[in-house]
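Taking it in order: structure first as structure tokens, then the write-up.
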Amino acid sequence: MSLFFDYTLNGISSGMIYAALALALVLIYRATRIINFAQGAAGMMTTFIASSLLARGVGYWWAFILVLLIGFAIGSMTERLLIRPLQGRSELNPVIVTIGLLVVLEGLAGAIYGNASRGFPAAYSQSGLRIGRTRIAFSHFDVFILVAVLVLMVAILVLFRATSLGLRMRASAFAGEIARLLGVRVGNLLTLGWGLAGVAGSLAGLLVAPTSSFGPYYMDLILVYGFTAAVIGGLESPVGALIGGLVTGLCISYVGGYLGSGLEPVGALVLLMVALMARPEGIFARPPARRV
């Protein structure tokens, strides 16, 4: 029973990281109907930048904030320079571009920083919390992961549901032509959406790096888990990204704990297949409008 409890806590911590990356995928998909396969690589690059800043004596939290801003800039420039010129062309073109960007970013990181794995410091202690005389498999850093992703999630929900800017962003995503006729600057709002996705992806990279060694390819598997979480929750639902991340994290933790860590990717694949067969539109997806 204690092992199950430990695996559950570990799954919650990991699931919140997957939820952050799933949220990044959801934000971009809502805006442009594109799956950004370079999202994990962008988070990897900003993590390397954070590591370089720390090595040069920049304070941890200053580096943390700067990297989130850099992530915003990378996401915004990706939309402006690579995605926007492809509007009106084949839907396959942006997918190929994001895959190409993934390869470029990983190659660039390897050329600049090397392919060797390295460590990244955690914001807080990674020793398990002590409750009475029992130490549980949930650390201060895990609490930070939980709080950070929840704060990001709440901020996104408030933006979309309680502000006029969020309303314009939703209108741009679901009815871009009508929004343009109403005077909404759709292009700027799409850039903002990609920038916010860059922040979420950078946060995921910063949160997962201290839990293991990181290198140019360490976010590839995390992207698979984040994509699984986004599909489970629904590619248009920020709340679904959170729930999907937790479901994915728990399932992978149980598979790794009881069957071996080598089967974790297989567990994610099986989970994705089950989700697609049972509810392909996602748990929180809205049913399509029916025309009569």
Requested in this report: Place +1 on the Cβ of every Lys and Arg and -1 on the Cβ of every Asp and Glu in the chain, take the dipole about the Cα centre, and give the residue among Leu159, Phe48, Val184 whose Cα lies farthest towards its positive end.
Outcome: Val184
Query raised in the report: Which angle from 0 to 90°, rounded to the nearest 10, does the C-alpha axis of helix 264-278 make with the longest principal axis of the chain?
Result: 40
**Report entry** Acute angle (nearest 10 degrees) that the helix 238-259 long axis makes with the longest principal axis of the chain, alpha-carbon atoms
**Finding:** 30
Requested in this report: Place a +1 charge on the Cβ of each Lys and Arg in the chain and a -1 charge on the Cβ of each Asp and Glu, then give the dipole magnitude about the Cα centre in debye, rounded to the nearest 20.
Outcome: 740
Report summary line: Per-residue accessible area, 1.4 Å probe, largest first, puts Ser202, Ser212 in the order Ser212, Ser202
Query raised in the report: Extension gain Val58-Leu108, at 0.36 nm per residue separation less the Cα-Cα distance, in nm?
Result: 15.7 nm
Report summary line: Taking Asp142, Asp6 and ranking on accessible area (1.4 Å, protein atoms only), highest first, one gets Asp6, Asp142
Query raised in the report: What is the dipole size for segment 1-136, taken about its Cα centre, with +1 at each Lys and Arg Cβ and -1 at each Asp and Glu Cβ, in debye to the nearest 20?
Result: 240
Query - Cα-based helix-to-principal-axis angle, 164-174 vs the chain, degrees rounded to 10 - result: 80
Query - Cut-off 15 Å between beta-carbons: net charge of the residues surrounding Ser164, Lys and Arg +1, Asp and Glu -1 - result: +4
Query - Label corresponding to Rg and Dmax of the Cα atoms in Å when calculated from the structure given, among (1) 19.1, 65; (2) 17.6, 55; (3) 20.8, 64 - result: (1)
Requested in this report: Answer with one residue from Tyr7, Thr134, Leu272: the one whose Cα lies farthest towards the positive end of the charge dipole of the chain, charges on Cβ with Lys, Arg +1 and Asp, Glu -1.
Outcome: Leu272
**Report entry** Computed [θ] at 222 nm, helices only, for the chain once each DSSP H run of length n ≥ 4 contributes -39500 (n - 2.57)
**Finding:** -24000 deg cm²/dmol
Requested in this report: Specify whether the C-alpha gyration tensor of segment 189-236 places it in the rounded, prolate or oblate class, a ≥ b ≥ c being the square roots of the eigenvalues: rounded for a/c under 1.5, otherwise prolate if a/b is larger than b/c and oblate if not.
Outcome: oblate
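The values are calculated or read from the model by the stated rules, or taken from the named source; none is laboratory data. Bear in mind the structure is a predicted one, so any value in this text is a computation, not a measurement. For neighbour counting, all protein chains shown are included, and Cβ atoms are generated from backbone atoms with ideal geometry for every residue, glycine included. The protein model used for the area step is the full one, side chains on, heavy atoms only, and it has no ligands, DNA or RNA in it. Shrake-Rupley method; radii C 1.70, N 1.55, O 1.52, S 1.80 Å.
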